[in-house]
Amino acid sequence: MSNIQKSGMNILAMVIGVIALATMATWQFYSFATFKDSQGVLDIQGGTQHFWWGLGAGLTACLIGFFVFSIFLRYDKDKELHITS
């Protein structure tokens with residue numbers, strides 16, 4: 001039972017991490033889209049660092065989300081009973 005709880009806590013931590021990365025990516029893309037220069041005018045070219053941070057965080061969130069989802073798909077793989085050997 002403790003193995004299931006440890007696994008559940010790890011998955012919960014990964015899900016929270018993915019949500020945090022996705023939130024950071026969204027915030028960085030928002031900062032990129034609304035970047036203003038020193039005069040207060042919208043300047044898309046000035047916020048490229050926000051774009052790259054958002055892109056990196058978004059790709060990382062997708063990659064970690066893929067691995068978390070693959071863990072869900074393989075959860076009962078050890079408990080399979082094969083009829084043929």
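The values are calculated or read from the model by the stated rules, or taken from the named source; none is laboratory data. What you see is a predicted model; the values in this text were computed from it and never measured. No Cβ is skipped: glycine too gets one built from the backbone with ideal geometry, and neighbour counts run over all protein chains shown.
Residues in region 35-59 that are modelled with pLDDT of 85 or more and either within 24 Å of Ile71 (Cα to Cα) or of a type in the set (Phe, Trp, Tyr) (or both): Phe51, Trp52, Trp53, Gly56, Ala57, Gly58, Leu59.
Sub-9 Å Cβ pairs linking a first residue in region 14-34 that is within 14 Å of Trp52 (Cα to Cα) to a second residue that is hydroxyl-bearing (Ser, Thr, Tyr), at least 6 apart or interchain, are Leu21/Thr60; Ala25/Thr60; Phe32/Thr48, ordered by first then second residue.
Pairing each residue of region 60-83 that is at pLDDT 65 or above with any residue that is of a type in the set (D, E, K, R) and outside any helix (DSSP H, G or I), provided the two are 6+ apart or on different chains, yields no C-beta distance under 9 Å. The set of residues in region 1-34 that are outside any helix (DSSP H, G or I) and either within 18 Å of Thr60 (Cα to Cα) or at pLDDT 80 or above (or both) contains only Thr34.
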